[in-house]
1. From the phi of every residue in region 26-33, what ³J(HN,Hα) in whole Hz does the Karplus formula 6.51 cos²θ - 1.76 cosθ + 1.60 yield, where θ is phi - 60° and glycine or proline is x?
2. If each DSSP helix of 4+ residues adds -39,500 (n - 2.57) and the sum is divided by the residues in the chain, what number results at 222 nm, nearest 500 deg cm²/dmol?
3. Using a Gaussian network model of the chain whose springs link C-alpha atoms within less than 10 Å, name the residue from PHE25, PHE61, PHE76 with the highest mean-square fluctuation.
4. Rule-of-thumb check for region 10-52: C-alpha Rg over 2.2 N^0.38 Å?
5. Which whole-number percent of Cα pairs in the chain have a distance greater than 16 Å?
Amino acid sequence: MSWEKIVKKDIDEWLSIKEVLTGEFSFERWKDTAVPPELKQMKTDYDSLGKDVQSNIIELFRVGEHESNQHRMALFKLIVELLKVG
């Protein structure tokens, strides 16, 4: 499944990505699903960033919770670019 489909699917998917990146994921949510390798890499990239950039990414996820699918996809692309900076 492409990231675009995951991000657009519903808000729970959006929150799941945020939880894995920030290390605040629920065992219940992921107990029957393996974390995709791409998401594991994103977590590694996130962990290598400075606290300011991490805070900015968390804020983008918060904003995305209240946005349309189109805006959420644009925010996700920005998050991916921020992860590449690290």
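1. 8, 4, 4, 5, 9, 4, 9, 10
2. Working: 6 runs with 65 residues, N = 86.
Result for the chain, helices only: -23000 deg cm²/dmol.
3. Highest fluctuation among the options: PHE25.
4. Details: Rg = 10.7 Å, N = 43, 2.2 N^0.38 = 9.2 Å.
In units of the globular-protein estimate, region 10-52 measures up at 1.16.
5. Numbers: 1791 of 3655 pairs.
Tail of P(r) above 16 Å: 49 percent of Cα pairs.
Every number here is computed from the coordinates shown, using simple stated rules; none is lab data. None of these values were measured; they are calculated from a predicted model.
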